[in-house]
Protein chains: 2
Amino acid sequence: MISPFSFRVLHTSGEARRGAMTTAHGTVETPAFMPVGTLGAVKAVTSRDLREAGAQIILANTYHLWLRPGDERIARFGGLHRFMGWEGPILTDSGGFQAYSLGARRSINEDGIRFRSHLDGSERMLTPEGATEIQARLGSDIAMVLDECLGQPATAPAVRESTERSARWARRCRDRFLQVQESVARDWGRTVERPEPRIPSPESRLLVTNPGQAQFGIIQGGTEPELRTLSVTRTLDIGFEAYAIGGLSVGEPAETMHAIVGHTAPLLPAGQARYLMGVGTPLDIVEAVSRGIDLFDCVIPTRNARNGQLFTSEGRLTIKNARFADDAGAPDPACDCYTCRTHSRAYLRHLFVSGEMGAAVLATVHNLRFYLDTMAKVRDAIVFGTLETLRQSLRATYSRPLSDP
Amino acid sequence: MISPFSFRVLHTSGEARRGAMTTAHGTVETPAFMPVGTLGAVKAVTSRDLREAGAQIILANTYHLWLRPGDERIARFGGLHRFMGWEGPILTDSGGFQAYSLGARRSINEDGIRFRSHLDGSERMLTPEGATEIQARLGSDIAMVLDECLGQPATAPAVRESTERSARWARRCRDRFLQVQESVARDWGRTVERPEPRIPSPESRLLVTNPGQAQFGIIQGGTEPELRTLSVTRTLDIGFEAYAIGGLSVGEPAETMHAIVGHTAPLLPAGQARYLMGVGTPLDIVEAVSRGIDLFDCVIPTRNARNGQLFTSEGRLTIKNARFADDAGAPDPACDCYTCRTHSRAYLRHLFVSGEMGAAVLATVHNLRFYLDTMAKVRDAIVFGTLETLRQSLRATYSRPLSDP
């Protein structure tokens with residue numbers, strides 16, 4: 001294996017782990033949160049904003065980039081890092097979740113997922129092999145297998161069938177990934193640090209842009225513990241650089257999610273990273289960390305920012321509220337981000353009420369800083385054995401429903 | 001006078017002047033371009049972006065801030081600088097141009113301009129005294145008199161009547177401005193450097209937030225040289241810290257605008273700054289500088305950026321064009337802005353085609369840098385006597401119509 005991917009647990013506190021995940025584009029301190037850059041851009045902010053907010057790794061969407069601007073185009077640019085101007089680690093999802101969220105516009109069979117493009121209605125087929133190749137072209141540091149995400153509610157037999165299919169797809173993804181890796185190793189050798197993109201096997205016309213890519217498997221199984229156990233067995237049997245828990249945060253109660261995470265995480269190898277996909281609120285994240293999760297992604301901080309909802313040390317603020325019209329305080333008095341250093345709640349409210357684009361920019365800068373600073377606090381708390389205190393504090397601040405006030 | 005406002009001509013080259021304009025919030029190198037921050041924010045960018053682009057002074061809109069969030073609210077925050085987080089000089093227009101652009105929703109009589117608010121339809125009356133007081137509350141470094149902007153075409157008698165009315169309004173603006181200044185001087189004295197906002201005359205309930213505010217008169221007169229001369233006479237008779245040329249760039253041919261500027265600028269005092277309102281393209285600006293103008297504002301760089309039109313050293317680029325889909329070059333290879341240092345034309349096109357908000361941010365950062373760097377080149381060219389060369393070069397690059405390609 002050329003892959004420089006590694007994961008080390010540095011401290012533990014109960015099930016929680018403080019670790020270091022090394023990728024071809026640098027090391028990430030875990031537990032880590034990945035801002036979501038669907039189309040190769042985290043909405044409303046620049047790569048510099050991301051670095052300043054403390055982002056160490058970001059997520060991009062295979063499905064969206066495949067359709068636009070196209071994975072082959074990005075490969076010709078030398079991969080997604082160069083194309084989007086982000087030099088840190090990137091994880092790409094596989095498109096499975098987009099298939100789920102597209103609903104009626106897709107059909108799934110053993111071969112793969114048939115989509116109608118949300119852009120032009122054209123018919124597209126995403127197979128496990130295809131999803132693996134697209135991610136090889138994108139050159140992310142971490143590729144995900146193509147999985148089927150069922151959503152809730154689903155009958156136990158349907159979940160079982162879907163879980164077995166996801167396992168078969170995972171095998172096909174891994175096989176294709178290893179073929180690509182072998183071609184890369186043969187062609188590049190082991191000594192090249194940052195090679196130019198090359199075509200490892202000309203007959204496949206596959207332009208690989210990151211020879212150090214790792215691949216994560218995904219545990220499915222819905223909300224049935226025994227199906228989760230089955231999925232863990234099937235997926236570990238294949239073997240990946242690390243493992244994700246998918247199919248959660250899709251409508252089930254928070255308690256169910258916590259229970260499934262608490263059941264599944266300990267079944268995964270202690271020495272490998274664990275990624276809970278699509279989660280969540282600050283409280284969800286801390287609950288999952290305390291159950292052994294290392295990696296998170298979620299659109300909440302960025303999407304809520306654009307809607308004017310700020311995460312602060314004082315709880316959630318709906319900044320458009322009239323009560324902030326004369327509030328000269330910083331959006332979050334405890335925050336060190338550009339927005340909080342520079343602007344008042346009243347000004348931010350004014351920009352939102354006026355429909356100014358800068359409102360989304362400033363709120364996104366803040367929400368990302370809040371999330372990433374919370375992750376830093378989580379990492380410290382694991383080392384100092386104070387995670388329970390942090391969890392209680394976040395619970396007190398963030399247990400109110402998202403729709404308040 | 002408390003006002004620290006001053007203007008010095010440092011170099012001349014023909015009619016063109018290189019100067020320094022000192023305001024209560026710092027000194028501006030002229031010729032200068034003012035980015036437009038209508039609602040107390042230059043659309044899509046932060047104050048930091050503005051500083052990095054080289055902005056030394058910005059413009060904000062009296063009419064818009066009066067309606068939302070309200071000048072009294074801003075005054076309670078200590079003025080517009082503090083409210084919006086911009087510590088450099090600010091010029092506020094008077095609302096006259098907004099009256100013009102609102103068209104049917106306003107009526108003008110001797111007393112002032114009656115508007116229907118574009119926000120809630122409420123009836124508002126903007127008088128010369130009112131516009132002066134609103135700007136005193138906003139605390140801009142440079143306030144403009146309320147003028148009537150007629151637009152083209154207009155009959156000579158209508159222009160003459162309007163010009164005379166603007167002169168009478170200018171007198172009322174100046175009288176009210178001087179009353180406020182005297183109250184400020186009496187209340188604050190001359191020694192306070194950066195005082196807290198105070199109410200100089202309690203009966204007026206006027207919270208003044210910038211005791212060092214200056215006021216510019218505006219020359220009207222349409223496209224008739226003799227009416228421009230009349231307006232200069234009337235306006236100089238009142239006496240202001242500096243003079244603007246208004247009522248241009250409202251639909252007349254570029255040659256007419258240049259001719260009126262060429263006629264009017266030399267009639268203005270050589271030792272005072274001259275501001276051409278609402279102009280313009282890079283070429284328009286250089287043409288006006290060569291006729292003796294020192295100060296400019298225009299929405300073109302910011303608005304065109306949001307529409308995907310970039311100003312570059314190679315000319316205008318409509319970045320959405322398919323020909324940029326695989327263009328790995330910087331948006332402007334000669335530019336040092338964040339966008340051009342970090343991203344390719346292909347990436348910027350991808351963001352625009354995908355409707356990503358970041359597209360507007362990155363394009364605005366670049367266009368402002370292009371404009372402000374052009375102003376730096378203009379200032380150098382005046383000192384080195386190379387303005388004609390610069391003008392020829394810009395003419396070659398920018399004489400194509402705005403709608404290309």
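The values are calculated or read from the model by the stated rules, or taken from the named source; none is laboratory data. Every value quoted in this text rests on a predicted model; they were computed, and no experiment measured them. Counting neighbours? That spans all protein chains shown, and the Cβs are built from the backbone with ideal geometry, glycine included. All accessible areas refer to the heavy atoms of the entire protein, side chains included, with ligands and DNA or RNA removed. Shrake-Rupley method; radii C 1.70, N 1.55, O 1.52, S 1.80 Å.
Structure data summary
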item: Mean Kyte hydropathy of 0.0 or more with a Cα span along the axis of at least 27 Å, helices from DSSP in chain A; result: A:357-384
item: Computed magnitude of the charge dipole of the stretch B:80-124 (debye, nearest 20; Cβ of K, R +1, Cβ of D, E -1); result: 160 debye
item: Semi-axis lengths (Å, descending) of the ellipsoid that matches the C-alpha gyration tensor of the stretch A:1-141; result: 28, 18, 15
item: Neighbouring partner chain Cβ atoms per residue of B:349-362, average, 10 Å criterion; result: 6
item: Solvent-accessible area, 1.4 Å probe, carbon plus sulfur percent, for the stretch B:82-137; result: 46 percent
item: Cα-based Kirkwood hydrodynamic radius, the stretch B:86-142, one decimal, Å; result: 12.3 Å
item: Dipole magnitude (debye, nearest 20) for the stretch B:291-405, charges at Cβ of Lys, Arg, Asp, Glu; result: 220 debye
item: Per-pair calculated FRET efficiency, R0 = 51 Å: A:Arg51 and B:Asp237 via Cβ, rounded to 0.05; result: 0.35
item: Dipole of chain B [Lys/Arg +1, Asp/Glu -1 at C-beta], most positive-end residue of B:Val299, B:Ile142, B:Leu39; result: B:Leu39
item: Debye log10 I(q)/I(0) at q = 0.10 Å⁻¹ for the protein assembly as shown, Cα point scatterers; result: -1.03
item: Within 10 Å of each Cβ in A:41-48, the average number of Cβ atoms from other chains; result: 5
item: Distance between the stretch A:358-394 and the stretch A:161-190 - C-alpha centres, whole angstrom; result: 36 Å
item: Apportionment of accessible area to carbon and sulfur, the stretch A:288-361, percent (1.4 Å); result: 46 percent
item: Straight-distance crosslink candidates among lysines, where the alpha carbon sits under 25 Å from A:Lys320 and sequence neighbours closer than 8 are dropped; result: A:Lys43, B:Lys43
item: Simple Cβ-charge dipole of chain A, Lys/Arg +1 and Asp/Glu -1, about Cα centre, in debye nearest 20; result: 500 debye
item: For the protein assembly as shown: accessible area per residue (Å², 1.4 Å); result: 36 Å²
item: Neighbouring partner chain Cβ atoms per residue of B:324-334, average, 10 Å criterion; result: 1
item: In Å, descending, principal axis extents of the Cα set of the stretch B:138-179; result: 36, 17, 10
item: Residue with peak Gaussian network fluctuation, chain A [Cα springs, cutoff 10 Å], from A:Leu102, A:Leu230, A:Leu348; result: A:Leu102
item: Estimated buried accessible area (total), pair A and B, 1.4 Å, Å² to nearest 100; result: 3300 Å²
item: Kirkwood-based Rg to Rh ratio, the stretch A:292-405, C-alpha trace; result: 0.99
item: Size descriptor, Kirkwood hydrodynamic radius, that averages inverse alpha-carbon separations across the stretch B:85-190, Å; result: 15.0 Å
item: Selection from B:Tyr243, B:Gln272, B:Gly54, by position along the positive dipole direction of the protein assembly as shown (Cβ); result: B:Tyr243
item: Helix-only CD estimate at 222 nm, as mean residue ellipticity for chain A, using -39500 (n - 2.57) per DSSP H run (n ≥ 4); result: -12500 deg cm²/dmol
item: Rel. contact order, % - alpha carbon contacts under 8 angstrom, at least six apart, the stretch A:255-326; result: 24 percent
item: Beta bridges by DSSP in chain A, antiparallel share as percent, to the nearest 5; result: 55 percent
item: Cleavage-rule hits, GluC sites (Glu not before Pro), the stretch A:108-169, DSSP coil, Cβ neighbours within 10 Å at most 12; result: A:Glu110
item: Copy-to-copy label separations for B:Ala259, where each label sits 7 Å from Cα toward Cβ, in nm and ascending; result: 8.5
item: Two-site label geometry, A:His11 and B:Asp187: point separation in nm, points 7 Å out along Cα→Cβ; result: 5.5 nm
item: Antiparallel bridges, percent of DSSP beta bridges restricted to the stretch B:33-189 (to nearest 5); result: 55 percent
item: Farthest positive-ward along the stretch B:1-117 dipole, Cα basis, beta-carbon charges - from B:Ala99, B:Thr22, B:Phe7; result: B:Ala99
item: Label point 7 Å beyond Cα along the C-beta direction, distances from B:Ser313 to other copies (nm, shortest first); result: 4.6
item: The stretch B:232-303, Cα convex hull volume normalised per residue, Å³; result: 90 Å³
item: Residues of the stretch A:64-86 buried by at least 40 Å² on assembly (accessible area, 1.4 Å probe, chain alone as reference); result: A:Arg68, A:Arg73, A:Phe77, A:Phe83
item: For B:Asp187, label point 7 Å along C-beta direction: distances to other copies, nm; result: 7.5
item: Exposed trypsin sites (Lys or Arg not before Pro) absent: longest stretch of chain B, with sites in DSSP loops and at most 13 other Cβ within 10 Å deemed exposed; result: B:206-405
item: Placed amide H near B:Val28: partners under 5 Å, 5+ positions off or other chain; result: B:Met21, B:Thr22, B:Thr23
item: For A:Cys337, net neighbour charge (Lys/Arg +1, Asp/Glu -1) across residues whose Cβ lies under 11 Å away; result: -3
item: Percent of beta bridges antiparallel (DSSP, the protein assembly as shown, rounded to nearest 5); result: 55 percent
item: Proportion of all alpha-carbon pairs of chain B beyond 37 Å (%); result: 20 percent
item: Solitary cysteines of chain A, where the nearest other Cys Cβ is not under 4.7 Å; result: A:Cys149, A:Cys173, A:Cys298, A:Cys337
